[in-house]
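Structure record follows, encoded as structure tokens.
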Amino acid sequence: MEGSNYMKKTWLLGSGFFSISLIWALYNAFVPFFLEKYIASVTLIGFLMTLDNYIALFLQPTVGMISDRINTPFGKRMPFLIIGMPLAAVFAFLVPNHTSFITLIIFMLGLNLSMALFRSPTVALMPDITPEKNRTKANGIINFMGGAAAILAFVIGSRLYDLHPASPFYLAGSVLIIALLILLRTINEKRDTIEYQTHDRPKIHMKKELNRPTIFLLLAIFFWFVSYQGMEALITLYGKNELGLTESQSSFSLAFFSVTFVLFALPSGMLAARFGKKIMIMIGVIGLITVFLLLSLVESVWLLRFLFLFGGIFWACININSYPFIVSTGSPEAIGTRTGLYYLVSSLAAISGPPLFGAIIDLTSYGILFIVSAFFMTLALISILFVNDHGKVEEVSEGIGV
């Protein structure tokens with residue numbers, strides 16, 4: 001595809017990511033209120049709200065690998081969207097209309113399974129239709145739309161919820177269907193994919209895909225997601241217990257992080273296309289280490305929010321470029337497989353980060369939150385040092401090389 005055409009396709013593909021981000025933002029915001037009607041344990045509510053990560057841990061890598069191997073009249077990825085998106089829309093409509101705790105859990109599981117069915121294939125479509133040199137810019141566009149969806153969920157979703165608790169979920173389900181129709185109308189895999197495999201079952205060798213550069217990069221991804229997820233999960237409690245903020249002040253403070261992440265999503269991808277993915281990621285990692293260490297000294301809510309503005313920019317440098325980086329370390333026929341590996345590692349981090357941080361705080365105090373975040377971000381920095389911008393292991397004095 002020509003440059004302007006693939007960029008147009010990327011914006012259209014962004015509608016799929018927009019719908020995914022919208023439904024998760026609304027789900028995370030309002031489902032805890034439904035659960036609270038039936039159970040008093042906050043720990044149990046927290047566990048039930050992580051079901052998506054446990055499902056993603058097992059299902060998304062498998063779905064990604066299968067989407068590399070199949071060949072249908074609709075392509076490799078699109079069949080998963082055709083099945084998964086309408087199913088997810090149905091369960092989105094059903095979740096707020098539960099009649100008991102059992103039906104709520106069933107509908108939640110249905111929604112989580114449906115979303116896991118098409119997330120990896122949707123994301124894998126981006127590198128499928130985008131030249132490697134332009135993938136960071138394309139990922140910036142997709143994440144910009146995802147961030148915009150999250151902001152829309154918080155601004156409009158709260159108003160809709162006040163009108164009727166089911167209204168935000170009706171909106172999310174409708175957007176899923178609209179996004180599917182847009183994708184079906186505008187993206188033809190066999191026409192638009194850069195290197196579409198015409199044979200039915202290309203062989204994916206996991207030993208080849210899990211090469212040393214990939215392992216180091218997966219380690220880095222795990223560490224920086226542990227750092228971010230642990231901080232994000234406990235920041236409101238940190239603000240309340242360490243800084244003496246109200247719950248609303250604490251939660252509002254994280255919005256400063258999110259806004260600059262969305263605003264810097266596109267510039268981050270463009271800068272990576274010019275200077276390299278590794279350079280931008282390292283700027284982000286070093287920047288966040290600095291921000292976290294400074295935050296550990298902060299006692300003012302306004303200084304906290306000021307530093308969060310920079311935190312969002314540095315997180316964009318990391319998050320926007322990490323997925324294109326993991327894809328670039330493998331073969332074109334394994335894009336779905338590598339997408340699944342990316343979500344496998346990020347899901348592991350989402351599951352392990354918050355309880356690990358919580359256990360450390362239980363043994364010490366909330367004051368150590370950002371120190372721990374900086375520590376895991378430092379582990380990410382050490383890991384990424386072994387991978388160059390072309391996905392190869394950097395040679396070091398000990399002889400580790402390609």
Out of all the residues in the stretch 107-158, which are among the basic types (Lys, Arg) and more than 15 Å from MET270 (Cβ to Cβ)?
ARG119
Within the stretch 35-53, how many residues turn out to be at pLDDT 80 or above and touching a Phe, Trp or Tyr at 6+ places or on another chain (Cβ under 9 Å)?
5
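Name the one entry in PHE30, PHE18 that is touching a residue at least 60 places away in the same chain (Cβ under 8 Å) and touching a Pro at 6+ places or on another chain (Cβ under 8 Å).
Working: PHE18 fails: touching a Pro at 6+ places or on another chain (Cβ under 8 Å).
Answer to the check: PHE30.
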Within the stretch 67-100, restricting to residues that are under 25 Å from TYR170 (Cβ atoms) and among the hydroxyl-bearing types (Ser, Thr, Tyr), the one that is surrounded by the fewest Cβ atoms within 10 Å (Cβ to Cβ) is THR99
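Condition first: among the hydroxyl-bearing types (Ser, Thr, Tyr), in contact (Cβ under 8 Å) with a residue 60 or more places away in the chain and either farther than 15 Å from ILE215 by Cα or not in a helix (DSSP H, G or I) (or both). Now tell me which residues in the stretch 327-364 satisfy that.
Scanning the stretch 327-364 gives THR329, SER331, SER347, SER352.
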Might you check whether a residue that is touching a residue at least 12 places away in the same chain (Cβ under 8 Å), exposed (fewer than 15 other Cβ atoms within 10 Å of the Cβ) and over 21 Å from the mean Cα position of the chain (by Cα) occurs anywhere in the stretch 53-66?
no
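Just to be sure, is LEU369 closer than 15 Å to TYR228 by Cα, at pLDDT 85 or above and assigned to a helix (DSSP H, G or I)?
Numbers: closer than 15 Å to TYR228 by Cα: yes; at pLDDT 85 or above: yes; assigned to a helix (DSSP H, G or I): yes.
When the stated conditions are applied, LEU369 passes them.
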Filter the stretch 160-177 down to residues that are touching a residue at least 40 places away in the same chain (Cβ under 8 Å) and of a type in the set (Gly, Ala, Ser) and give me whichever is surrounded by the most Cβ atoms within 10 Å (Cβ to Cβ).
ALA172
Unmet requirement for ILE20, which otherwise passes all of (1) among the β-branched types (Val, Ile, Thr); (2) modelled with pLDDT of 85 or more; (3) surrounded by fewer than 21 Cβ atoms within 10 Å (Cβ to Cβ); (4) closer than 27 Å to ASN134 by Cβ
(3)
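Within the stretch 141-157, can one find any residue that is in contact with a Pro (Cβ under 6 Å, 6 or more places away or on another chain), aliphatic (A, V, I, L, M) and modelled with pLDDT of 85 or more? Step through it out loud before you land on a result.
Looking only at the stretch 141-157, we keep the residues that are in contact with a Pro (Cβ under 6 Å, 6 or more places away or on another chain), and these are 157.
In the following step, the residues that additionally are aliphatic (A, V, I, L, M) were identified as none.
Scanning the stretch 141-157, I find no residue that is in contact with a Pro (Cβ under 6 Å, 6 or more places away or on another chain), aliphatic (A, V, I, L, M) and modelled with pLDDT of 85 or more, so the answer is no.
Based on what the data block shows, is LYS76 more than 24 Å from ALA233 (Cα to Cα) and free of Cβ contacts under 8 Å to residues at least 60 places away in the same chain? Show your work before the answer.
Values: more than 24 Å from ALA233 (Cα to Cα): yes; free of Cβ contacts under 8 Å to residues at least 60 places away in the same chain: no.
Judged against the criteria, LYS76 is not a match.
When you look at THR99, is it without any contact (Cβ under 8 Å) to a residue 12 or more places away in the chain and in contact with a Pro (Cβ under 9 Å, 6 or more places away or on another chain), yes or no?
Working: without any contact (Cβ under 8 Å) to a residue 12 or more places away in the chain: yes; in contact with a Pro (Cβ under 9 Å, 6 or more places away or on another chain): no.
The answer is no for THR99.
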Being in contact with a strand residue (DSSP E or B) (Cβ under 8 Å, 6 or more places away or on another chain) and at pLDDT 80 or above, is that true of even one residue in the stretch 161-171?
no
By residue number, the members of the stretch 197-215 that are β-branched (Val, Ile, Thr) and at pLDDT below 75 are THR198, ILE204
So if I check each of LEU271, LEU304, LEU294, which one is buried (at least 20 other Cβ atoms within 10 Å of the Cβ) and in contact with a Leu (Cβ under 7 Å, 6 or more places away or on another chain)?
LEU304
The stretch 372-391, subset modelled with pLDDT of 95 or more and of a type in the set (Phe, Trp, Tyr), residue nearest to GLY276 (Cα to Cα):
PHE376
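For the structure I just gave you, tell me whether GLY157 is over 23 Å from LEU254 (Cβ atoms), in contact with a helix residue (DSSP H, G or I) (Cβ under 9 Å, 6 or more places away or on another chain), surrounded by fewer than 23 Cβ atoms within 10 Å (Cβ to Cβ) and small (Gly, Ala, Ser).
Values: over 23 Å from LEU254 (Cβ atoms): no; in contact with a helix residue (DSSP H, G or I) (Cβ under 9 Å, 6 or more places away or on another chain): yes; surrounded by fewer than 23 Cβ atoms within 10 Å (Cβ to Cβ): yes; small (Gly, Ala, Ser): yes.
For GLY157, the condition - over 23 Å from LEU254 (Cβ atoms), in contact with a helix residue (DSSP H, G or I) (Cβ under 9 Å, 6 or more places away or on another chain), surrounded by fewer than 23 Cβ atoms within 10 Å (Cβ to Cβ) and small (Gly, Ala, Ser) - is not met.
The values are calculated or read from the model by the stated rules, or taken from the named source; none is laboratory data. Computed from a prediction, not measured in an experiment: that's the story for all the values here. In this analysis, Cβ positions are derived from the backbone assuming ideal geometry, glycine residues included, and neighbour counts consider all displayed protein chains.
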